[in-house]
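The values are calculated or read from the model by the stated rules, or taken from the named source; none is laboratory data. Computed from a predicted structure; not experimentally measured. All Cβ positions, glycine included, derive from the backbone under ideal geometry; neighbour counts span all protein chains shown. The protein model used for the area step is the full one, side chains on, heavy atoms only, and it has no ligands, DNA or RNA in it. Shrake-Rupley method; radii C 1.70, N 1.55, O 1.52, S 1.80 Å.
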Amino acid sequence: MRFIDEYLKDIKDRGLYREFKFFSGPQSKYISIRDRKVLLMASNNYLDLCNDDRLKEAAEAAIRTYGVGSGGSRLTTGSYELHDQLEKKIADFKNTEAAILFNTGYMANIGTITAIADKEWTLFSDALNHASIIDGCRLSGAKIVVYKHCDMEDLQKKIKAYEGNKRLIVTDGVFSMDGDIAPLDKIIALAKENNILTMVDDAHGTGVLGDNGTGCVEYFNFKEQVDIQVGTLSKALASEGGFVVGSKSLVTYLRHKARSFIYSTALSPATIAVSLCSLDIVKNEKNKRIRLLENAQWFQGELRKLGFRVLESNTAIIPLIIGSAEKATKLSEKLFKKGIFITAIRPPTVPEDTSRLRITLMATHSREELKHVLDSLKEAGMELGII
Ligand SMILES: Cc1ncc(COP(=O)(O)O)c(C=O)c1O
């Protein structure tokens, strides 16, 4: 089809073509790609649990007891005791009344926003919210009011301009491509003042932020003040699946109204068993996230000393801004040749002219390994005239 060929040629010409790199072994800080050992600096596997023996054993035991597929959606034949256990455990972990599982974080956002909002609603959405929030807002048919990234003055102005009693502010907790944390304290204050509901997607805070690793609500020390919290089990928790936590009535409502929950086959028992086990690890192994966040702070400081443009981040996500998509791709390729895997993130995932290397740390990266990455980045950055 001509329009497809033209599209593909256009994105190739603009340095926006995307290709897979296939791993031939487990995911940890070192991965195998075509028999090469490569240092991974781009994964959301923040606590390096994807190849943890305890999680693998949990999956194996669940397969022996329950088999593999779940056989249907949760409301038909796909509900196992394990699902119930995990929902209770997530609610307990997040300190809320109840939880509901979705198959992915993407489906959690889409299902929740469309279950709540329709064309009578106004949704205030941060300009850098994740695609799944944007898609949920669009699908809902509600009026979408985008406010400037983390800009509370702009949000306040827009709240005043769009009055009404069916309003929701929706934001990432940690912004996935920028690594910064939404000013939840201010957002919640504005929401309360104006009688607006709040929804926070804490995909990248869960397991990483807060004293108990429960995420950005704990980081800000806000108990039960966010109406709807979304999270995912696919990042720090090294499993799969999304969830929503909040009041019992919210969860019961979503069970009846969220189409991405109702009309999709449930997560498999092995996946659920992994999540149950990794929640325990997150709870009990605080040292992992302390080390992760300390290293991330140190590493971004060193990058700045080298002359790189790095966005301010209090998380494990460190965005090294390049600007041009082509240059970002070249830098990523040069690093790959040196045995380091960092993905170039380009439009439409990020705004035009803000292509970047999205560097993410794992709790197991050592200072020696990080120094090696800094040396390689320095060399490649100089070769390309970036620093
Ligand atoms: C902020 C945010 N929300 C939701 C998701 C989707 O989560 P999942 O990968 O579980 O679908 C992601 C992951 O890419 C994300 O970064």
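Restricting to region 132-145, what's the tally of residues that are away from the ligand (no atom under 16 Å from the Cβ) and either out of contact with any strand residue (DSSP E or B) (no Cβ under 6 Å at 6 or more places or on another chain) or open to solvent by 60 Å² or more (accessible area, probe 1.4 Å) (or both)?
Residues that pass the stated criteria total 4.
Can you work out which of the residues in region 185-213 that are in a loop (DSSP other than H, G, I, E, B) and away from the ligand (no atom under 16 Å from the Cβ) is nearest to residue 274 (Cα to Cα)?
So the first thing to find is which residues in region 185-213 are in a loop (DSSP other than H, G, I, E, B), and the list is 194-196, 202-213.
From what's left, away from the ligand (no atom under 16 Å from the Cβ): 194-196, 210-213.
Numbers: 194: 41, 195: 39, 196: 36, 210: 22, 211: 22, 212: 19, 213: 17 Å.
Among residues in region 185-213 that are in a loop (DSSP other than H, G, I, E, B) and away from the ligand (no atom under 16 Å from the Cβ), the one nearest to residue 274 (Cα to Cα) is 213.
Going through 21, 12 one at a time, which residue ends up being closer than 28 Å to residue 318 by Cβ and of a type in the set (D, E, K, R)?
Answer to the check: 21.
Out of everything in region 226-244 that is touching an Asp or Glu at 6+ places or on another chain (Cβ under 8 Å) and assigned to a strand (DSSP E or B), what residue ends up being farthest from the ligand (Cβ to nearest atom)?
That would be 229.
Consider residue 313 carefully, then state whether it is of a type outside the set (Val, Ile, Thr) and outside any loop (DSSP other than H, G, I, E, B).
Against the criterion (of a type outside the set (Val, Ile, Thr) and outside any loop (DSSP other than H, G, I, E, B)), residue 313 does not qualify.
Do any helices (runs of 4 or more DSSP H) entirely within region 34-137 hold 1 or more residues that are within 17 Å of residue 200 (Cβ to Cβ), and if so, which?
Helices (runs of 4 or more DSSP H) meeting the threshold: 81-94, 105-116.
Among the residues of region 98-131, what is the count of those that are more than 12 Å from the ligand (Cβ to nearest atom), open to solvent by 40 Å² or more (accessible area, probe 1.4 Å) and touching a strand residue (DSSP E or B) at 6+ places or on another chain (Cβ under 7 Å)?
Total satisfying the criteria: 1.
Return yes when residue 46 is over 27 Å from residue 352 (Cα atoms), within 16 Å of the ligand (Cβ to nearest atom) and touching a residue at least 24 places away in the same chain (Cβ under 8 Å) and no when it is not.
On the way: over 27 Å from residue 352 (Cα atoms): yes; within 16 Å of the ligand (Cβ to nearest atom): yes; touching a residue at least 24 places away in the same chain (Cβ under 8 Å): yes.
Criteria met by residue 46.
For region 193-214, give me the residue count where each residue is in contact with a helix residue (DSSP H, G or I) (Cβ under 8 Å, 6 or more places away or on another chain) and open to solvent by 40 Å² or more (accessible area, probe 1.4 Å).
4
Please go through (1) under 18 Å from residue 202 (Cβ atoms); (2) within 16 Å of the ligand (Cβ to nearest atom) for residue 27 and return the number of the only condition it doesn't satisfy.
Residue 27 satisfies every listed condition except (1).
If we keep just the residues of region 294-310 that are assigned to a loop (DSSP other than H, G, I, E, B) and in contact (Cβ under 8 Å) with a residue 24 or more places away in the chain, which is surrounded by the most Cβ atoms within 10 Å (Cβ to Cβ)?
Residue satisfying both the conditions and the ranking: 308.
Any idea which of (1) more than 12 Å from the ligand (Cβ to nearest atom); (2) within 17 Å of residue 271 (Cβ to Cβ) is the one residue 91 doesn't satisfy?
So the condition that residue 91 fails would be (2).
Residue by residue through region 247-303, note down the ones that are within 27 Å of residue 108 (Cα to Cα) and among the polar types (S, T, N, Q).
247, 249, 252, 260, 264, 265, 268, 271, 275, 278, 284
For region 215-225, enumerate the residues that are surrounded by fewer than 24 Cβ atoms within 10 Å (Cβ to Cβ) and part of a loop (DSSP other than H, G, I, E, B).
Listed by number, the residues that qualify are 220, 221, 222, 223, 224, 225.
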